[in-house]
Every structure is written in structure tokens, then in C-alpha cells.
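The values are calculated or read from the model by the stated rules, or taken from the named source; none is laboratory data. The structure presented is a predicted model; accordingly, all values stated were derived computationally and were not measured. Reconstructed Cβ throughout: ideal geometry from the backbone, glycine too, with neighbour counts over all protein chains shown.
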Amino acid sequence: MVTTLPVLLNSLLYSAVGIIVFGLGFWVLDKLTPGKLWDEIHDQRNIGVAIVTGAMALGLAIIIAAAIHG
């Protein structure tokens with residue numbers, strides 16, 4: 001299978017858009033929840049917050065992938 005330059009550039013563009021949207025979504029999630037997620041996970045070692053945050057991150061990633069894929 002031959003990969004052409006436009007296909008490669010489109011893949012890189014969609015990857016960049018997906019990463020940016022994921023970062024913005026995670027930032028919004030952090031602002032909507034009480035406290036700071038990173039402090040709760042890293043400093044307080046709150047496993048429950050880590051599990052919920054991971055589940056939300058996976059859900060957000062699936063939604064972004066479905067939106068980009070069409």
C-alpha cells in the first residue's frame with residue numbers, strides 16, 4: 001500500500017486536532033469538578049478520582065475519534 005503525502009498530512013492534521021480537542025475537553029472537565037484533579041490524584045493519592053478521570057478521558061477520546069472518523 002502506497003502512502004501519499006496528502007494522506008500523511010491529513011492524518012497528522014486530524015491527529016493534532018484530536019489532541020487539541022482532547023486537551024481542551026480535559027481542561028473543561030478539570031474546571032467543572034470541585035478542586036484540582038491533578039492535586040487529588042497525585043498529592044492526595046485519591047484512587048476514586050483517578051478512576052473517574054480515566055473513564056471520562058477514555059469516553060472523551062472515543063467521542064473525538066468517532067467525530068473525526070465520521
> When you scan the range 1-37, how many residues do you find that are under 21 Å from ALA61 (Cβ atoms) and touching a helix residue (DSSP H, G or I) at 6+ places or on another chain (Cβ under 8 Å)?
Replying inline: 10
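From the list LEU9, LEU24, which one is at pLDDT 85 or above and surrounded by 11 or more Cβ atoms within 10 Å (Cβ to Cβ)?
Of the residues listed, the single one that is at pLDDT 85 or above and surrounded by 11 or more Cβ atoms within 10 Å (Cβ to Cβ) is LEU24.
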> Applying the selection to the range 34-45, what residues are out of contact with any Asp or Glu (no Cβ under 9 Å at 6 or more places or on another chain) and either surrounded by 10 or more Cβ atoms within 10 Å (Cβ to Cβ) or outside any helix (DSSP H, G or I) (or both)?
Replying inline: PRO34, GLY35, ASP39, GLU40, ILE41, HIS42, GLN44, ARG45
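Of everything in the range 46-70 that's of a type in the set (Gly, Ala, Ser) and over 19 Å from ILE20 (Cβ atoms), which residue is surrounded by the most Cβ atoms within 10 Å (Cβ to Cβ)?
Our first condition is that a residue be of a type in the set (Gly, Ala, Ser); within the range 46-70, this holds for 48, 50, 54-55, 57, 59, 61, 65-67, 70.
Then keep just the ones that are over 19 Å from ILE20 (Cβ atoms); that gives 48, 50, 54-55.
Details: GLY48: 9, ALA50: 14, GLY54: 11, ALA55: 10.
Applying the filter and picking the extreme gives ALA50.
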> Is it the case that some residue within the range 21-43 is on the phi < 0 side of the Ramachandran plot and in contact (Cβ under 8 Å) with a residue 40 or more places away in the chain?
Replying inline: yes
